[in-house]
Amino acid sequence: MGNILEETKFIMKKYNIKANKKLGQNFLISEEVVKTIVNSSEISKEDLVIEIGPGLGTLTKYLLEQAGKVICIELDNKMINILKDRFAVYDNFEIINEDVLKVDLKNMIKIQKEQGKIKKAKIVANLPYYITTPIIMKLLEEELELESITVMIQKEVADRLIAIPGEKNTGAITYSVYYYAISEGIIEVPNNSFIPEPEVTSKVIKLNIRKEPGVDPKSKEKMFEVIKNAFMQKRKTLLNSLTNNKIFENKQQGTEILKTLGLNENVRPEELTLEQFAKISDNL
Ligand code: SAM
């Protein structure tokens, strides 16, 4: 691996690039972190890698060497010319100049797989932090045919996403991630691994998409509605939150449902497992 800091400075100078804060541009300059992201993605020549926000192409360069195909999605058109210049020699490289939230990823993966060479699709990214949650939710909720998602995000968000439901540090989103994926924390990344430095510590996480979802409720939509409402009011008991938000018709109905599941009426939402939320929604 060459000297990433020097290379990054050189490219920024050559193309007169100033990092755009509004687009969450913090460019990676740590070789150790780049290596860790690429290695933990476990990419092979049968894989399609979708890279979100390639920026100057720091990760892209290594992804192109290992993957069957790399499709980059980058919103900033200033980056597009740089990436085209840098990777012109690669015939497995494609770039889309678009907001990732607007891209039809399902169709993209389908087309690549139909062509025969690609067996699995993986997401790899150092994400723009201002839209971490919408991007992760899009990747999970669209039920894409994905193998894994390896991303760098803010540490605080990362810890919530990969927490185990029923344990510490959870929120409604913990349950969504757990439903779709088995997650792992890969490495914590200090601010000085980027230019410019972000204001927060970062963390790389990997979400390994489950073949079968974590639980099997009668209605997935109902279950997530219950979870969302349970976490809407902080520090309230589950019974009060779900009654106030009209998920339970009244307190009596709520108490009865909780009792059937062997739950105390003072239980707090974060104490429940995903299975228990599934059972509550099944009982409604
Ligand atoms: N991958 C590069 C790296 O590691 O140095 C850059 C990462 S930087 C944290 C995030 C990148 O996402 C930037 O290049 C930014 O322009 C891009 N970006 C921001 N919003 C985006 C969006 N809605 N869709 C696609 N790319 C976006």
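Val200 - would you say it is part of a loop (DSSP other than H, G, I, E, B) and closer than 26 Å to Thr58 by Cα? Walk me through how you get there before you give the answer.
Details: part of a loop (DSSP other than H, G, I, E, B): yes; closer than 26 Å to Thr58 by Cα: yes.
Considered against the rule, which asks whether it is part of a loop (DSSP other than H, G, I, E, B) and closer than 26 Å to Thr58 by Cα, Val200 comes out as yes.
Among the candidates Pro196, Pro190, the residue that is open to solvent by 40 Å² or more (accessible area, probe 1.4 Å), within 30 Å of Leu5 (Cβ to Cβ), in contact with a Phe, Trp or Tyr (Cβ under 9 Å, 6 or more places away or on another chain) and not hydrophobic (A, V, I, L, M, F, W, C) is uniquely Pro196. Regarding Ala88, is this residue touching a residue at least 40 places away in the same chain (Cβ under 8 Å) and open to solvent by 30 Å² or more (accessible area, probe 1.4 Å)? Considered against the rule, which asks whether it is touching a residue at least 40 places away in the same chain (Cβ under 8 Å) and open to solvent by 30 Å² or more (accessible area, probe 1.4 Å), Ala88 comes out as no.
Okay, residues lined up against (1) over 24 Å from Glu42 (Cβ atoms); (2) outside any loop (DSSP other than H, G, I, E, B); (3) modelled with pLDDT under 95; (4) in contact with a Phe, Trp or Tyr (Cβ under 8 Å, 6 or more places away or on another chain):
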residue: Val70; (1), (2), (3), (4): no, yes, no, yes
residue: Ile73; (1), (2), (3), (4): no, yes, no, no
residue: Met79; (1), (2), (3), (4): yes, yes, no, no
residue: Lys84; (1), (2), (3), (4): yes, yes, no, no
residue: Tyr90; (1), (2), (3), (4): no, no, no, no
residue: Glu94; (1), (2), (3), (4): no, yes, no, no
residue: Leu101; (1), (2), (3), (4): yes, yes, no, no
residue: Asn107; (1), (2), (3), (4): yes, yes, no, no
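For Lys120, the conditions (1) charged (D, E, K, R); (2) surrounded by fewer than 18 Cβ atoms within 10 Å (Cβ to Cβ); (3) over 11 Å from the mean Cα position of the chain (by Cα) are fulfilled apart from (2).
Looking for whichever is assigned to a helix (DSSP H, G or I), among the basic types (Lys, Arg), open to solvent by 40 Å² or more (accessible area, probe 1.4 Å) and touching a residue at least 60 places away in the same chain (Cβ under 8 Å) here; the options are Lys228, Lys259, Lys222. Which one fits? Don't jump to the end; show me each part of the working.
Details: Lys228 fails: touching a residue at least 60 places away in the same chain (Cβ under 8 Å); Lys259 fails: touching a residue at least 60 places away in the same chain (Cβ under 8 Å).
On inspection, the qualifying residue turns out to be Lys222.
Counting only residues that are open to solvent by less than 20 Å² (accessible area, probe 1.4 Å) and either more than 12 Å from the ligand (Cβ to nearest atom) or in contact with a helix residue (DSSP H, G or I) (Cβ under 7 Å, 6 or more places away or on another chain) (or both), the stretch 1-23 holds 3 of them. Kindly indicate whether Leu56 is loosely packed, with under 15 Cβ neighbours inside 10 Å and outside any strand (DSSP E or B). No; evaluated as a whole, the condition is false for this residue. Selection of the stretch 2-28 for residues being among the hydroxyl-bearing types (Ser, Thr, Tyr) and not in a helix (DSSP H, G or I) yields only Tyr15. Exactly one residue among Leu207, Leu238 is modelled with pLDDT of 95 or more and under 30 Å from Tyr129 (Cα atoms), and that residue is Leu207.
Quick test for you: out of Glu6, Glu51, pick the one residue that is among the acidic types (Asp, Glu) and touching a residue at least 40 places away in the same chain (Cβ under 8 Å). Break it down into steps so the answer makes sense when it comes.
Details: Glu6 fails: touching a residue at least 40 places away in the same chain (Cβ under 8 Å).
None of the others qualify; the one that does is Glu51.
For the stretch 63-78, the set of residues classified as more than 20 Å from the chain's Cα centre (by Cα) and touching a residue at least 60 places away in the same chain (Cβ under 8 Å) consists of Lys78 only. Each residue in the stretch 1-29 was checked for being within 21 Å of the chain's Cα centre (by Cα) and not charged (D, E, K, R), and 6 of them qualify.
Taken over the stretch 142-163, residues that are closer than 15 Å to Ile182 by Cα and assigned to a helix (DSSP H, G or I) amount to 4.
Screening Arg268, Arg235, Arg210 for residues that are at positive phi and within 29 Å of the chain's Cα centre (by Cα) leaves exactly one candidate, Arg235.
The values are calculated or read from the model by the stated rules, or taken from the named source; none is laboratory data. As the structure is a prediction and not an experimental result, all values here were calculated from the model. Glycine also receives a Cβ, built like all others from the backbone with ideal geometry; neighbour counts cover every protein chain displayed. Note: accessible area is taken over every heavy atom of the protein model, side chains too, but ligands, DNA and RNA are not part of it. Shrake-Rupley method; radii C 1.70, N 1.55, O 1.52, S 1.80 Å.
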